[in-house]
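> What follows is a structure written as structure tokens; I'll ask about it next.
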Amino acid sequence: MQKIEFTKMHGLGNDFVIIDKRSSKIEINDNLIQKLSDRRTGAGCDQLITINTPQNNNVDISIDIFNPAGDKAEACGNGTRCVAKILFEESSEKEYLKILSDAGTLIAKKAADLISVNMGKITTDWNRIPLSKEMNTLSVPIHVDGFDAGVAVNIGNPHIVFFGKSIEDISLNEIGPKIEKHHFFPNKTNVEFIEVVNSNKIKMKVWERGAGITLACGSGACAAVYAGWKKKLIKNNAEVQLEKGSLHINIVDDEAIMTGPAEISYNGYIFI
């Protein structure tokens, strides 16, 4: 049997099991992912993330992100901030980090007690989201009672954002998986429901592709602010209120900069 050490972390309740592969050879397979991700028999998490030695000198580390079923996710803003916290604690002199994910190189910085990450370019081009056919991505014809037509966005991974007067009564367990697997989205999609509080503040509920309901989603918060700004519902700098706190999103030159907390819950190990 192999002893595998991990760190359990979260960003506003969006939780992760993080395995550092830089100093040990660990095989990441479906059995390990599913065992650690299970909330009854394992540590429990929304995603499992590995920290890897980079293949080039242009980045500090690379990461792989796995959903509980074992499939990979391209991007995870809160998870990236959690990884950045580990690295900043290793080297307090570092002012910023370059973290390579399947969505590209992300830049993380310390912001007082918070962690900031530039999630890179956002687009609403239909073929880059991708959608199954060309359509107006600011008005995707998927009907949800009480909400406008969706806004399709890609921020390294696909999202569709719905704006309505209230998100309190939305049944995520019912509507989330239907939209995630809608035929418009060949790679499936993350789903956000948004209530605009004022021009600088929104409330959000999220259904994550491959993970289901999560308490927070960093890339989803970025997608929501970008979509709201494109629809002229909010400004490009806004607070995103979630169940356990807020993320702050600033859109600059079509890039999303996300700032929020990252916390270590505990360190543990498992035998496989």
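> With the cut-off at 1.5 for a/c, could you classify the range 113-272 from its C-alpha gyration tensor as rounded, prolate or oblate? Numbers along the way, then the final one.
Values: a/c = 1.41, a/b = 1.21, b/c = 1.17.
Note, shape of the range 113-272 comes out rounded.
> Roughly what % antiparallel, to the nearest 5, for the DSSP beta bridges in the range 151-219?
On the way: 14 of 20 bridges.
Around 70 percent antiparallel, to the nearest 5.
> If contacts are Cα pairs under 8 angstrom and at least 6 residues apart, what is the relative contact order of the range 129-272 in percent? Could you put the intermediate results ahead of the total?
Numbers: 280 pairs, mean separation 24.6, N = 144.
That works out to 17 percent.
> For a 31 Å ceiling on Cα separation, which of these pairs sit above it: Lys72/Lys133; Lys25/Lys203; Lys133/Lys244?
On the way: Lys72/Lys133 24 Å; Lys25/Lys203 42 Å; Lys133/Lys244 37 Å.
Flagged as over cut-off: Lys25/Lys203; Lys133/Lys244.
> Still on this structure: Expected output is a single nm value to one decimal: the length gained when fully extending between Asn58 and Lys98, i.e. 0.36 nm times separation in residues minus the C-alpha distance. What is it? Display every interim value, and only then the final one.
Details: separation 40, 0.36 × 40 = 14.40 nm, distance 0.78 nm.
Gain on stretching Asn58 to Lys98: 13.6 nm.
> Apply 1/(1 + (r/R0)^6) to the Cβ-Cβ distance of Thr105 and Asp253, taking R0 = 22 Å, and write down the FRET efficiency to the nearest 0.05.
Numbers: r = 16 Å, r/R0 = 0.74.
With a Förster radius of 22 Å, E is 0.85.
> Additional query: Give the carbon-plus-sulfur fraction of the accessible surface of the chain in %, rounded to a whole number; probe 1.4 Å, heavy atoms of protein chains only. Could you put the intermediate results ahead of the total?
Working: 5460 of 12460 Å².
The computed percentage sits at 44.
> Something else: Please work out whether the range 80-119 counts as rounded, prolate or oblate from its C-alpha gyration tensor, where a ≥ b ≥ c are the square roots of the eigenvalues and a/c under 1.5 means rounded, while otherwise a/b larger than b/c means prolate and anything else oblate? Please list the in-between numbers first.
Working: a/c = 2.00, a/b = 1.62, b/c = 1.23.
It comes out prolate by the Cα gyration axes.
> Considering only the other residues whose Cβ falls under 10 Å of the Cβ of Lys110, what net charge follows from Lys and Arg at +1 and Asp and Glu at -1?
In short, +1.
> Evaluate E = 1/(1 + (r/R0)^6) for Lys133 and Lys181, where r is the Cβ-Cβ distance and R0 equals 22 Å; express this FRET efficiency to the nearest 0.05.
On the way: r = 16 Å, r/R0 = 0.75.
So, using R0 = 22 Å, E works out to roughly 0.85.
> Now a separate question. Counting only heavy atoms of protein chains, what accessible area per residue, in Å², does the range 102-209 have with a probe of 1.4 Å? Can you show the working numbers first?
Numbers: 5010 Å² over 108 residues.
I get 46 Å² per residue for this part.
> What is the chain's relative contact order, in percent, from Cα pairs under 8 angstrom and six or more apart in sequence? Working shown, then result.
On the way: 665 pairs, mean separation 57.0, N = 272.
Normalised by residue count, the contact order of the chain is 21 percent.
> Hey, another quick one. Suppose accessible area is computed on protein heavy atoms with a 1.4 Å probe; arrange Arg40, Arg81, Arg22, Arg128 from highest to lowest. Walk me through the numbers on the way to the answer.
Numbers: Arg40 225, Arg81 0, Arg22 80, Arg128 140 Å².
The most accessible residue leads, giving Arg40, Arg128, Arg22, Arg81.
> Moving on to the next point. Rounded if a/c is under 1.5, else prolate if a/b is larger than b/c, else oblate: which is the range 99-177, with a ≥ b ≥ c the root eigenvalues of its Cα gyration tensor?
Numbers: a/c = 2.62, a/b = 1.44, b/c = 1.81.
Judged from the Cα gyration tensor, the range 99-177 comes out oblate (a/c at least 1.5, b/c at or above a/b).
> I need to check one value: relative contact order of the range 175-231, counting alpha carbon pairs closer than 8 Å and at least 6 residues apart, in percent. All intermediate terms of the calculation are to be shown ahead of the outcome.
Values: 61 pairs, mean separation 14.7, N = 57.
In percent, rounded to a whole number, it is 26.
The values are calculated or read from the model by the stated rules, or taken from the named source; none is laboratory data. Quantities reported herein were computed from a predicted structural model and do not represent experimental measurements. Every residue, glycine among them, receives a Cβ derived from its backbone with ideal geometry; neighbour counts consider all protein chains shown. Calculation scope for accessible area: heavy atoms of the full protein, side chains included, ligands and nucleic acids excluded. Shrake-Rupley method; radii C 1.70, N 1.55, O 1.52, S 1.80 Å.
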